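> Pasting a structure below so you can have a look.
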Amino acid sequence: MDVQDVDFEELYQGATPMGRKMPWDIGAPQPAVVALADAGEFTGEVLDIGCGLGDNSAFLASRGLSVTGLDGAPSAIEQARARTPDVTFAVADATKLEGHEGRFDTVLDSALYHCLTEDERHQYLAALTRATRPGARLHLFAFSPEVPDAFPAPYLITEANLRETVGKDWTIERLEPTLYTTSMTTEELKLSVRTMLNADPAGLDRLGTDADGRVLVPVWRLKAMRR
């Protein structure tokens, strides 16, 4: 899947064969994010970068946190505001984050990093460094090379890439594999791959599912502290 061909604004408008059911929009907070919150990993001013429709932002706000959700797709932000009017949402370029300098104590990247090109990733981490305070915490989830070829992943991220890019200004405290919950059953995912990508869905059967039949995708879970 070539990320250059993906128009996220169109996706959030539902103007694609994928319709309104996008793999990352589960209509609830991501279970991996809930686990982090339960462990007390979010403190202070929180940035949910690439927030999409805002379910993670809304969940973190429900825990009493001050949350700002930013996304590059205006339609996503419009829908997020309608869903959760008491959370601050705004359109922003993640590679710049202008106007947010020195604001945040915790950052959540729930599957944005792997949507960026290599040059954009470096710009993005530099922007996050500018937007956070010293000692800020970063929680990042990104597709790993364990994802099957047929899965519609923009980029698959190696451990070395994360250590090089994030490690420039952040101290990586944890980097380990975990699973990320999607909105689709195996059959729904196969149908999406056939219709949207005109591709062979072979290999998707080896992905596990949760108790609700939703496909689980291999990702990296990274925790880092800003120096």
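> Condition first: part of a loop (DSSP other than H, G, I, E, B), among the hydroxyl-bearing types (Ser, Thr, Tyr) and modelled with pLDDT of 95 or more. Now tell me which residues in region 84-100 satisfy that.
Scanning region 84-100 gives a single hit, THR95.
> Looking at region 168-196, which of its residues are surrounded by fewer than 16 Cβ atoms within 10 Å (Cβ to Cβ) and farther than 30 Å from ALA126 by Cβ?
If the condition is that a residue be surrounded by fewer than 16 Cβ atoms within 10 Å (Cβ to Cβ) and farther than 30 Å from ALA126 by Cβ, then THR185, GLU187, LEU191, ARG194, THR195, MET196 are the ones that fit.
> Oh, and also: How many of the residues in region 113-148 are of a type in the set (S, T, N, Q) and touching a strand residue (DSSP E or B) at 6+ places or on another chain (Cβ under 7 Å)? So that I can check it myself, show each step before the final result.
Here is the first cut: in region 113-148, the ones of a type in the set (S, T, N, Q) are 117, 123, 129, 132, 144.
Right, trim to touching a strand residue (DSSP E or B) at 6+ places or on another chain (Cβ under 7 Å) and you get 129, 132, 144.
Final tally of qualifying residues: 3.
> Out of the residues in region 19-46 that are within 12 Å of the chain's Cα centre (by Cα) and not in a loop (DSSP other than H, G, I, E, B), which is farthest from ALA127 (Cα to Cα)?
Applying the filter and picking the extreme gives ALA32.
> Do the conditions hold for TRP170, that is, is it touching a Lys or Arg at 6+ places or on another chain (Cβ under 6 Å), touching a residue at least 12 places away in the same chain (Cβ under 8 Å), at negative phi and of a type in the set (A, V, I, L, M, F, W, C)?
Taking the combined requirement at face value, the residue satisfies it.
> Residue by residue through region 101-122, note down the ones that are assigned to a helix (DSSP H, G or I), under 17 Å from ALA224 (Cα atoms) and either aromatic (Phe, Trp, Tyr) or without any contact (Cβ under 8 Å) to a residue 40 or more places away in the chain (or both).
TYR113
The values are calculated or read from the model by the stated rules, or taken from the named source; none is laboratory data. Computed from a predicted structure; not experimentally measured. FYI the Cβ positions are ideal-geometry reconstructions off the backbone, even for glycines, and counts take in every protein chain you see.
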